[in-house]
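A.B. asks: Mind looking over this structure? Questions follow.
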Amino acid sequence: MTLRVDEILVARDALRHPETQRILECLKGTPHRVADIEEPFRGSYDPGEKRLLRLEFHRGAFLKPCPGTRNYICCGYQVLTPAANCPLGCTYCILQAYFNRPGLRIFVNFREALDGVLAVIDNEPDRVFRVGTGEFTDSLALDALTGWNRRLMAAFSRRSNAVIEFKTKTSAVRAMLESPHRRRIIMSWSLNSPSMAAWEERGAAPLRARLEAARACQEAGFVLGFHFDPLVMHPGWREDYMRTLDLLDAYVEPGSIIWVSLGTFRFMPALKEVIRRRHPRSRVLHGEFVRGLDGKMRYIRPLRVEMLRFMSEKLKAWDRDLGVYLCMESDVVWQEAMGWTPRTSEGLSRYLDARVRKFFG
Amino acid sequence: MEKGEIKKPLDLSTRNPEPVPIDAIDLNPGGCCMSYGFDLEPLKESLRLHGLLNTPLVREKRGRGFGVVSGYRRVLALKALGSPEIPCRILAEREMDDLQALLLNLHENLAARRFNEVEKAMVIARLSMHLAPREILKTYMPLLGLHSRPSVLEIYRGIENDLDSTMKQALVRGSLSVQAAGMLLELEKGDRKALFEWLIKFKFNMNQMIQAVDLIIDISSIEGVRIARLLKEDEFSALAEEGQGNRPQQARHALSFLRAKRFPRLTRMEQGFRKRVSGLNLPPKVRIQHPPGFESTEYRMEIVFENGSELADMIRFLSSVSGLERICEEGEGGGR
Ligand code: SF4
């Protein structure tokens, strides 16, 4: 994908930073202006709107545990945030309601902050850190500009108590393939049904392109992950998701898949208005949602069980050792949909840590 | 002077009123007007009894008579009383620019009365012609008692610029809330009108109205039918016909109809649960509730009792009720 930026806003204090200068050089020709950090920027990175890129410092911690909630079982993932917001513009993207400052944001102080992140990891040698950069942006969408993935790959491949997962909906894997590193690196794709991918993920690569990229990575020796999240109820969803599973089977071998996550669409109530306004033709809000125990809207439980059971059974029929797990689900749903339950977030963490050990030692 | 910059205030206290022919005053709500949905009668009565205590302020319009800066209602009331001319304090056009005139009237009004929602919208729309959103958000929204959020600013601008007069009147009467108006403003004009006309047939409270708008927008999107067309469908028009009685239970009935249409599966689950509970023939002092949305697995039983022996009797009775063990089955059927 080519990243289109109409204007760059540089936080005043970040202007002199070498990374800022390098990115500005990369985007030579794109107008930029210096702005105070508090300035409420209008516009966002959105098709049809002015595409803004903000270069600024990130003030908080770069590595944070996934913000799970008490009532649902969380996987114990660690989120690494070199950037926020995403150029792909999926209709359902939670980030639309998450950040009060629209516009794509790159945190130029990531490079020096990485040493601190690695120190945190090295400080707890007995713990397995499952780290991912795809939570607040797409892991690969900005790499052509930042080039940080190469550094991350080198750093993680030297560690024995951590893995890094690059989660994407793009097919931009050239830089990853060119890297000599494979150890402790997981290349992951978010997948959806063909109609959802075409209708709701318009800025992302087409499904086949994602899977071709996955195949290339698999052939190049990478461990793969897949995420069916969000699973969206739509007419004919069974047949539609089955098509994706068939494609998955056609493109990749199950043997090098470390995990497959399943999660049905859920959202903060405030997102509904945003989706209606920005994506009036989207169908993601059509299901029967109720407020979950964490305050987010989710499909009613029987519908979730139906979808998750369908997906897990089909995946199991494809291969029994895919490391299928549910994202933010209750113990009851685990039991009903999967036929087993890790019971607690710690239980799920242990299960996924065991997958890491199995694949990377 | 830059756009949006405010000039120093003029001293108007020494300016003597002069008679201005009423026909020379532009009575259309102009750039300073912030009056809507008012009742002129009390003011007319006061003018009849006590005369004009505070003279309006008008500003010359280049060769086109006068525009009202402050005292719009007084001018209208005097006209209604048949006065051929009105004593006014007159400003030359160059003495005060549009923004300064608007702010003068705003502050005078803020000191004297409360604005209704349409009037707040008038203020915001007029300020928007002179000031950047940021300035309005920071300084003027708090003065009007509004949250300084861009989305709120947008709604109020929309109320003034895009709502028709029936909807504005409903806002003033309180039969349409600002939040519901904001949702209507997101719709295309024809859909907005149709939905509004459907809604006002019921006696929805504010909360119910928001729910109804939300449900109808969802249903229209799910069924792929424009709202204006959807509301013409038989079941919707029949409901609206019934709604004419304007009783609260009809509003509740309409809402349940919309919910059932929007959430068919959940509705069937709720109905199934109710049927299972009623099949138990529990005493009226015992209530069983399902968890909200059936999301958690915790059901709730409430027993009302007056003394320990009544409670003991009740528990004994409950332990013998057959079918209790199946009460939490989440099927959509009615059980036995
Ligand atoms: S790829 Fe992920 S982060 Fe990017 S827009 Fe889509 S859902 Fe949001």
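The values are calculated or read from the model by the stated rules, or taken from the named source; none is laboratory data. The structure displayed is predicted, hence computed values, not measured ones. When we count neighbours, we look across all protein chains shown, and the Cβ atoms used for this are built from the backbone with ideal geometry, even at glycine. Note: accessible area is taken over every heavy atom of the protein model, side chains too, but ligands, DNA and RNA are not part of it. Shrake-Rupley method; radii C 1.70, N 1.55, O 1.52, S 1.80 Å.
A.B. asks: Determine one quarter of the surface area of the Cα convex hull of the stretch B:267-326, which equals its mean projected area, and express it in nm² to one decimal.
C.D. replies: Working: hull surface 17.7 nm².
Answer in nm², one decimal: 4.4.
A.B. asks: While we're on this one: So for the stretch B:154-293, averaging the separation of alpha carbon pairs under 8 Å that are six or more residues apart and normalising by length, what relative contact order in percent results?
C.D. replies: Numbers: 103 pairs, mean separation 28.9, N = 140.
RCO, the stretch B:154-293: 21 percent.
A.B. asks: Then there is this: Rounded to the nearest 10 degrees, what's the angle between the helix B:234-243 long axis and the longest principal axis of chain B, both from Cα atoms, 0 to 90?
C.D. replies: Taking Cα atoms only, the helix is inclined about 70 degrees.
A.B. asks: OK, next. Going from the alpha-carbon gyration tensor of the stretch A:104-146, what semi-axes, largest first and in whole Å, does one get by taking the root of 5 times each eigenvalue?
C.D. replies: Details: eigenvalues 108, 36, 11 Å².
Taking √(5λ) for each Cα gyration eigenvalue gives 23, 13, 7 Å.
A.B. asks: Sticking with this one: Relative contact order of chain A: what whole-number percent is it, with Cα pairs under 8 angstrom and at least 6 residues apart? Each step should come with its number before you reach the end.
C.D. replies: Numbers: 662 pairs, mean separation 57.6, N = 361.
Averaging sequence separation for qualifying contacts and normalising by length gives 16 percent for chain A.
A.B. asks: When the expected Rg is taken as 2.2 N^0.38 Å, what fraction or multiple of it is the alpha-carbon Rg of the stretch B:248-289? Present the calculation step by step, with values, prior to reporting the outcome.
C.D. replies: On the way: Rg = 12.7 Å, N = 42, 2.2 N^0.38 = 9.1 Å.
Dividing the Cα Rg of the stretch B:248-289 by 2.2 N^0.38 Å gives 1.40.
A.B. asks: Along its three principal axes, how long is the stretch B:202-335 when you only count alpha carbons? Whole Å, largest extent first please.
C.D. replies: Reported extents, whole Å, longest axis first: 59, 30, 22.
A.B. asks: Also, I was wondering about something else. Convert 20 °C to kelvin, take the viscosity as 1.002 mPa s, use the Kirkwood radius over C-alpha pairs of the stretch B:13-113 as Rh, and evaluate the Stokes-Einstein diffusion coefficient in µm²/s, rounded to a whole number. Could the numbers behind the result be given before it?
C.D. replies: On the way: Rh = 13.8 Å.
Result for D is 155 µm²/s.
A.B. asks: Along the stretch A:307-319, what does the Karplus equation 6.51 cos²θ - 1.76 cosθ + 1.60 (θ = phi - 60°) give for ³J(HN,Hα), rounded to whole Hz, x for Gly and Pro?
C.D. replies: 5, 5, 5, 4, 5, 5, 5, 5, 5, 4, 5, 6, 7
A.B. asks: Projected onto the charge dipole of the protein assembly as shown (+1 at Lys/Arg Cβ, -1 at Asp/Glu Cβ, origin at the Cα centre), which of B:Ile200, A:Tyr77, A:Ile94 gives the Cα projection farthest towards the positive end?
C.D. replies: Checked the options; the winner is A:Tyr77.
A.B. asks: The protein assembly as shown: D in µm²/s via Stokes-Einstein (Kirkwood Rh, Cα pairs, 37 °C, 0.692 mPa s)? Write out the running numbers ahead of the final one.
C.D. replies: Values: Rh = 30.0 Å.
In µm²/s, the coefficient rounds to 109.
A.B. asks: If I compute solvent accessible area with a 1.4 Å probe over the protein chains, what percent of it on chain A is carbon and sulfur? Walk me through the numbers before you get to the answer.
C.D. replies: Values: 7560 of 14870 Å².
Of all accessible area on chain A, carbon and sulfur atoms account for 51 percent.
A.B. asks: How high is the relative contact order of the stretch B:190-262, given as a whole-number percent (alpha carbon pairs under 8 Å, six or more residues apart)? Intermediate results must be reported in sequence, preceding the final value.
C.D. replies: On the way: 61 pairs, mean separation 34.3, N = 73.
This gives 47 percent for the stretch B:190-262.
A.B. asks: Please work out the C-alpha center-to-center distance from the stretch A:198-230 to the stretch B:81-148 and express it in whole Å.
C.D. replies: Spelled out, the Cα-based centre of one part sits 57 Å from the other.
A.B. asks: On alpha carbon coordinates alone, what is the Rg over Rh value for the stretch B:190-262, Rh being the Kirkwood radius?
C.D. replies: On the way: Rg = 10.9 Å, Rh = 11.9 Å.
A ratio of 0.92.
A.B. asks: Can you tell which of A:Ala144, A:Met268, B:Leu49 lies farthest toward the positive end of the dipole of the protein assembly as shown, using +1 and -1 charges on the Cβ of basic and acidic side chains (Lys, Arg; Asp, Glu)?
C.D. replies: Result: A:Ala144, furthest along the dipole toward the positive end.
A.B. asks: Only Lys, Arg, Asp and Glu count, each charged at its Cβ (+1, +1, -1, -1), so figure out the dipole size of chain B about its Cα centre, rounded to 20 debye.
C.D. replies: On the way: 49 positive and 46 negative charges, 43 e Å.
Charge dipole, chain B, about its Cα centre: 200 debye, nearest 20.
A.B. asks: On the principal axes of its Cα set, how long, how wide and how thick is chain B? Give whole Å, largest value first.
C.D. replies: That gives 91, 51, 41 Å along the principal axes, largest extent first.
A.B. asks: Charges only on Cβ, +1 for Lys and Arg, -1 for Asp and Glu: so what's the dipole of the stretch B:13-113 about the Cα centre, in debye to the nearest 20? All intermediate terms of the calculation are to be shown ahead of the outcome.
C.D. replies: On the way: 13 positive and 13 negative charges, 13 e Å.
For this selection, approximately 60 debye.
A.B. asks: Sorted from largest down, give the three principal axis spans of the alpha carbons of chain A, whole angstrom values.
C.D. replies: Computed over the Cα atoms, the extents are 56, 47, 38 Å.
A.B. asks: Another question about this same structure. May I have the count of lysine pairs in the stretch B:190-262 with C-alpha atoms under 19 Å apart, counting pairs 8 or more residues apart or located on different chains? Mind showing how you got there, number by number?
C.D. replies: On the way: B:Lys193/B:Lys201; B:Lys193/B:Lys203; B:Lys193/B:Lys232; B:Lys201/B:Lys232; B:Lys232/B:Lys261.
Qualifying lysine pairs in the stretch B:190-262: 5.
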